[in-house]
Amino acid sequence: MASVEKYNRVLTIGLDTEGLNLMTSELANVSMYHVDTDDKFEALLEDESEENFIPLIFCGPKLNQFSPYEVAQTIRNTYPQSRIIFILGTTEDLKISTLKKNGASEVFILPNDKSLLNMEFDDVVKLIGSAPGLTRYRAVQLFDIEPEDELPFDLSVFLPMNNKYIKVVKSGDKVRRQQIDKFKEKQVGRVFIDSRQTDQFYDYCAEKLADLNDPNSAMSETERKQKLQTSVRDLFATIHDGSDNADFEVGRQVMKQSESVVAKFLEKKTGISFHKQIEAALGSTEDSYTHASSVSAIASLLSMATEIGKPEDLALAGLFHDVALLGFKHDPYPGDEFVESLEADERKKYLDHPMDAQRVLKTKKMTITPEIVKIIEQHHERNDGKGFPQALSAAKIIPEAQLLSIADQIEYYGQFRPGEQRLSPLQAIDAIEKNGSISLEVLFKVRKVLKSESNISTRD
Ligand SMILES: [Fe+2]
Ligand SMILES: [Fe+2]
């Protein structure tokens, strides 16, 4: 059987209704082969055709006789090279780590992981290539764009009235001033790129960021710093603007954009592959991956804009700050109830995690500089002296560690949690000021970056 043609490269196995609906609507023009019964599943396994390479297989929980663990294992054996993606609901009582051990490449839990799953769909489209009608768009935040800039990607806007994307700048074209003014007026979450061009887009942004961080750039010092601050502020404003109609999906996409751009920029600057580092330290199998990579990007961007510490140190400290906490679902911050709710050995693990990071990294044959070790060791210290592990007094806590703590808390407050309101970065700063964990001096610098005229004036 010519599987590739038959399945048009996408195969689904036992998806539940929600997963199936999502796939068929998001990938409307991709033809799929759905295995939705035990019989079809057995037939699939017996299919001994020579050409049984299927790059992408989406699996769910709905087969009767085969548990997702068994599906993962058998499909991995049959298709050793495929990317095997599980789409599950929150009600399924399955361990992500076990699924991955059994062969799953990635596991998404709906509805929480919807935006991450959407990015997976972007990759599907990338892989399948340019079938007609298959373009997927990703919201982006333009970075310090100038008239006459030549863009290495297409830029589109969305017209809600027509429910349509319109290409306004073609790849290789120069951007005109009027267009930029228009983007600036409307751009927050309103400019889109073809998801197949994300690499070009990230490269372009990383170049821009490198220029803004380069003391030898053609710009004057003042202009350079101002632009850097504006770019960072705009990114944070889009990541979550705190208003009721804020689009969470857009925020997540722009957060991902920031992570990729910062990682790319720092890779250029330091020669360190952030992707490899994080994989080596955390394994892509851990939930903590997302937390670490967000905190890393936030801390590094804040460092650039406030000139506290070195952006690369903050980025690495962000990646590894909770490396000794693997297995904990979240790094809950702040609040003592969580610590008290833990069993004795868990509590010890939690309270020791800042001090344990270096040792854990050593077991993975990774070393970090003493500066980074110190930032990590102090990331739960508090300005009021009530932090851990050492309950340091305010004067002893280095500003870099405070910046990392701010990033940790911005990330924490920005998450969805049942019964709580998500806070924008600026709202998070208010909450941090109230909880007394950070010195007013450091908070002032961060607030100054995040707040501007444009934050005060009304935005639609
Ligand atoms: Fe932590
Ligand atoms: Fe954390």
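The values are calculated or read from the model by the stated rules, or taken from the named source; none is laboratory data. Because the structure is predicted, anything quoted here is derived from the model rather than measured. Quick reminder, even Gly has a Cβ in these numbers, built from the backbone with ideal geometry, and neighbours come from all protein chains shown.
Annotations
- Test: residue in region 173-188 that is touching a strand residue (DSSP E or B) at 6+ places or on another chain (Cβ under 6 Å), within 16 Å of Q257 (Cβ to Cβ), touching a residue at least 12 places away in the same chain (Cβ under 8 Å) and not in a helix (DSSP H, G or I): no
- Residues in region 346-369 that are under 24 Å from the mean Cα position of the chain (by Cα) and part of a loop (DSSP other than H, G, I, E, B): K364, M366, I368.
Results for (1) within 26 Å of the chain's Cα centre (by Cα); (2) at pLDDT 90 or above, shown as yes or no for each residue.
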{"position": "E5", "(1), (2)": "no, no"}
{"position": "V10", "(1), (2)": "yes, no"}
{"position": "G14", "(1), (2)": "no, yes"}
{"position": "E18", "(1), (2)": "yes, yes"}
{"position": "T24", "(1), (2)": "yes, no"}
{"position": "A28", "(1), (2)": "yes, no"}
{"position": "D38", "(1), (2)": "no, yes"}
{"position": "E51", "(1), (2)": "no, no"}
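- Test: residue in region 300-308 that is at pLDDT below 85 and in a helix (DSSP H, G or I): no
- The residues in region 207-236 that are among the charged types (D, E, K, R) and not in a helix (DSSP H, G or I) can be counted, and the count is 1.
- Qualifying residue in region 60-69 (condition: part of a helix (DSSP H, G or I), surrounded by fewer than 18 Cβ atoms within 10 Å (Cβ to Cβ) and outside the structural domain of V140 (by TED's automatic domain parsing)): yes
- Just one of (1) within 14 Å of ligand 1 (Cβ to nearest atom); (2) among the charged types (D, E, K, R); (3) modelled with pLDDT under 80 fails for E337. It is (1).
- The criterion of being more than 13 Å from ligand 2 (Cβ to nearest atom), among the small types (G, A, S) and touching a residue at least 12 places away in the same chain (Cβ under 8 Å) does not hold for A401.
- Subset of region 339-359 that is farther than 16 Å from A401 by Cβ and among the hydrophobic types (A, V, I, L, M, F, W, C) - its residue that is farthest from ligand 2 (Cβ to nearest atom): A344
- Residue within region 385-398 that is surrounded by 23 or more Cβ atoms within 10 Å (Cβ to Cβ) and touching a residue at least 12 places away in the same chain (Cβ under 8 Å) present: yes
- A single member of I376, I410, I406, I372 is within 14 Å of ligand 2 (Cβ to nearest atom), assigned to a helix (DSSP H, G or I), within 21 Å of R359 (Cα to Cα) and touching a residue at least 24 places away in the same chain (Cβ under 8 Å), and it is I376.
- Residue that is farthest from ligand 2 (Cβ to nearest atom) [pool: residues in region 309-325 that are in a loop (DSSP other than H, G, I, E, B) and within 23 Å of N213 (Cα to Cα)]: K310
- The listed residues are E150, E106, E120, and the only one of them that is farther than 24 Å from A237 by Cβ and either surrounded by fewer than 18 Cβ atoms within 10 Å (Cβ to Cβ) or at pLDDT below 80 (or both) turns out to be E150.
- Which listed residue, of E259, E286, is within 16 Å of ligand 2 (Cβ to nearest atom), buried (at least 18 other Cβ atoms within 10 Å of the Cβ) and modelled with pLDDT under 80: E286
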